[in-house]
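Asker: Quick one: the structure is below, and I'll ask about it shortly.
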Amino acid sequence: MDVLILVITFLLLLSIGVPIAYSIGLSAVITLAANMDPLTAFTTVAQRMATGLDSFSLLAIPFFVLAGQLMNRGGIASKLINFARSLIGVFPGGLAYVNILSCMLFGAISGSAVAAASAIGGFMVPRMSKEGYPKPFSAAVNLTSSTTGLVIPPSNILIVYSLASGGASVAALFLAGYIPGILMGLALIVVSAVYAYRNKLPTAGRSSIPEIVKYFLDALPSLMLLVIVMGGIVAGIFTATEASAIAVVYTFVLAVFIYKEIKLSDMSSVLLESVKTTTVVLFLVATSMSMSWVMSFENIPQEVSAALLSLSDNKIVILLIINLILLFVGVFMDMTPAVLIFTPIFLPVVGDLGIDPVHFGIIMVMNLCIGLCTPPVGSILFVGVSVAGVKIQEVLRPLMPLFLVLIIVLLLVTYIPGISMLLPSWFGY
């Protein structure tokens, strides 16, 4: 009965246009109020929201958001694009590959799929259109490849998953994301190569060795952020949270003093934008943590676990069902609340099947990445079509094969744990 109250109130609030964070919090209150005094229910949810934010690891989110804002405005996009073009622009359809590789690099450095879609798309889509690439195809490539930065670390959503899972190592999650994220990018390149061959798309031109070296040196300071952050975490020099603060200092020096794309007078707007983004994310975290507590209080995860395991005790079947549910959830819900709500539900199930929480975290994030590109709530979809100046219905056809290969990669990662667990096991996590 409590499950029905929670689900029905949540869906009803969403259907009448209540923002998702308020829908999550209010449905948690209503579910508790069905079994206790309403004032006590409000007080309990408020306490759980405050407790949910009382986590040292969450400090990494505002720092990485600020680092991403500095990178987004700091001239990094053009340097990464030039470097990517010098490497792979010589092949037919080269600008599509440049778009994908640039989004992978920029997304990994900034930690934001929206920033990658807007920054790289703003440069690449007009250039691709000028060279004869269809705009819907360019937009589809841009928005799907921008999601790889959420899997390739540093990634805020993996930090959120670590919190929701009750202690999965952030460093292990970061390491686990590299190979799946790279596979996603390679799969998108394969689809783009087939499309380029069939449609006789042009190359982006051959670069000389001196040009490649020049563009590499231009991009090297930005690329070094990945080395500093991940190298420090893996070597045990600092934690992921401390790494986020170091990332802010490094990107500030890079954007203001080396690239000189940001003036000190611009910092107020950078900080304001970072605060807005952080506020939205952390409010979602707070309300989602309260809902997670309510679900635990009402034994909902145990009921869902028992229901799923009653359907089948076959690991392949259960994982397929969970993937289908998460893909469906990703269509209607943003990543942060989805991770915070569904991790406590599905983690006990996969735990009974012997699946490592780190492996499952990558599975969950990959599912929800695909959801970001789907209507009606796909934020990356709307950013991508807006930047490209095309309609959603125009971009759906070229999106289909890109979706298909992303789902194939998802299934490979799901059923071959070594893909995501190789690097963590190498480094002793």
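Asker: Take the solvent-accessible surface of the protein heavy atoms, probe 1.4 Å, and return the percent of it on the stretch 187-253 that carbon and sulfur atoms account for.
Answerer: About 71 percent, which is the carbon plus sulfur part of the accessible surface.
Asker: Something else: Would you mind classifying the stretch 372-425 by shape? Square roots of the alpha carbon gyration tensor eigenvalues, ordered a ≥ b ≥ c; an a/c under 1.5 is rounded, otherwise it is prolate if a/b is larger than b/c and oblate if not.
Answerer: Prolate, because a/c is 1.5 or more and a/b exceeds b/c.
Asker: Can you tell me what the convex hull of the Cα atoms of the stretch 35-86 projects to on average, as an area in nm²?
Answerer: 6.4
Asker: Any idea what the relative contact order of the chain is, in percent, if you count C-alpha pairs under 8 Å spaced at least 6 apart?
Answerer: RCO, the chain: 25 percent.
Asker: Here's something else I'd like to know. Taking the inverse of the average 1/r across all pairs of different Cα atoms in the chain, what Kirkwood radius in Å do you get?
Answerer: After inverting the pairwise mean of 1/r, the radius is 22.2 Å.
Asker: In 10 Å bins starting at zero, report the fraction of Cα pairs in the stretch 97-256 per bin as a rounded %.
Answerer: Reading the bins upward from 0: 10, 34, 34, 16, 5, 0.
Asker: So what's Rg/Rh here for the stretch 312-386, counting alpha carbon atoms and using the Kirkwood radius for Rh?
Answerer: 1.03
Asker: What fraction, in whole percent, of alpha-carbon pairs in the stretch 35-165 exceed 19 Å separation?
Answerer: 56
Asker: Largest first and in whole Å, give the semi-axes of the stretch 245-341's equivalent ellipsoid, each being the square root of 5 times a Cα gyration tensor eigenvalue.
Answerer: Largest first, the stretch 245-341 gives 42, 17, 11 Å.
Asker: Working from Cα positions, state the angle (0 to 90°, nearest 10) between the long axis of helix 94-110 and the longest principal axis of the chain.
Answerer: That helix lies at roughly 50 degrees to the long axis.
Asker: Round to a whole number: what % of the accessible area of the stretch 1-143 belongs to carbon and sulfur, probe 1.4 Å?
Answerer: Percent of accessible area from carbon and sulfur atoms in the stretch 1-143: 69.
Asker: Counting only heavy atoms of the protein chains, get the accessible area per residue of the chain (1.4 Å probe) and round it to a whole Å² value.
Answerer: 41
Asker: Cα centroid distance between the stretch 1-78 and the stretch 199-229, in Å?
Answerer: That distance is 40 Å.
Asker: Note the per residue figure in Å³ for the convex hull of the C-alpha positions in the stretch 293-354.
Answerer: Given the Cα convex hull of the stretch 293-354, per-residue volume reads 81 Å³.
Asker: A follow-up question, please. Along each principal axis of its Cα atoms, how long is the stretch 277-429 end to end? Whole angstroms, biggest number first, please.
Answerer: Principal extents (Cα only, largest first): 47, 36, 34 Å.
Asker: Can you give the Rg and Dmax of the stretch 147-225 based on its C-alpha atoms, in angstrom?
Answerer: 17.6, 51
Asker: Do the sum for the chain: with -39,500 (n - 2.57) for every DSSP H run of n ≥ 4, divided by all residues, what is the mean residue ellipticity at 222 nm, to the nearest 500 deg cm²/dmol?
Answerer: Dividing the helical sum by the residues of the chain leaves -26000 deg cm²/dmol.
Asker: A 20 angstrom limit on the alpha carbon distance is what I want to check against. Which of K130/K200; K130/K214; K135/K391; K214/K263; K214/K260; K79/K276 exceed it?
Answerer: K130/K214; K214/K263; K79/K276
Asker: Around E261, which amide H atoms from residues at least 5 apart in sequence, or from another chain, sit under 5 Å from its own amide H, with H modelled in the peptide plane?
Answerer: Hits under the 5 Å cutoff: none.
Asker: For the chain, modelled as a GNM with alpha-carbon contacts under 10 angstrom, which of Y197, Y215, Y133 fluctuates the most?
Answerer: Looking only at Y197, Y215, Y133, the biggest GNM fluctuation is shown by Y197.
Asker: Kirkwood hydrodynamic radius of the stretch 6-66 from all distinct Cα pairs, in Å?
Answerer: After inverting the pairwise mean of 1/r, the radius is 13.0 Å.
Asker: Looking only at T336, T147, T279, which one moves most when the chain is put into a Gaussian network model with springs between Cα atoms under 10 Å?
Answerer: Answer for the Gaussian network model of the chain: T279.
Asker: In whole percent, and with a 1.4 Å probe on the protein chains, what portion of the accessible area of the stretch 323-362 is carbon and sulfur?
Answerer: The value for the stretch 323-362 is 72 percent carbon and sulfur by accessible area.
Asker: OK, next. With springs connecting C-alpha atoms under 10 Å apart, model the chain as a Gaussian network and identify which of S268, S192, S169 has the largest mean-square fluctuation.
Answerer: Comparing S268, S192, S169 in a Gaussian network model of the chain, the most mobile one is S268.
The values are calculated or read from the model by the stated rules, or taken from the named source; none is laboratory data. Keep in mind it's a predicted model, so treat the numbers as computed, not measured. To get the accessible areas, we keep the full protein, side chains included, count just its heavy atoms, and leave off ligands, DNA and RNA. Shrake-Rupley method; radii C 1.70, N 1.55, O 1.52, S 1.80 Å.
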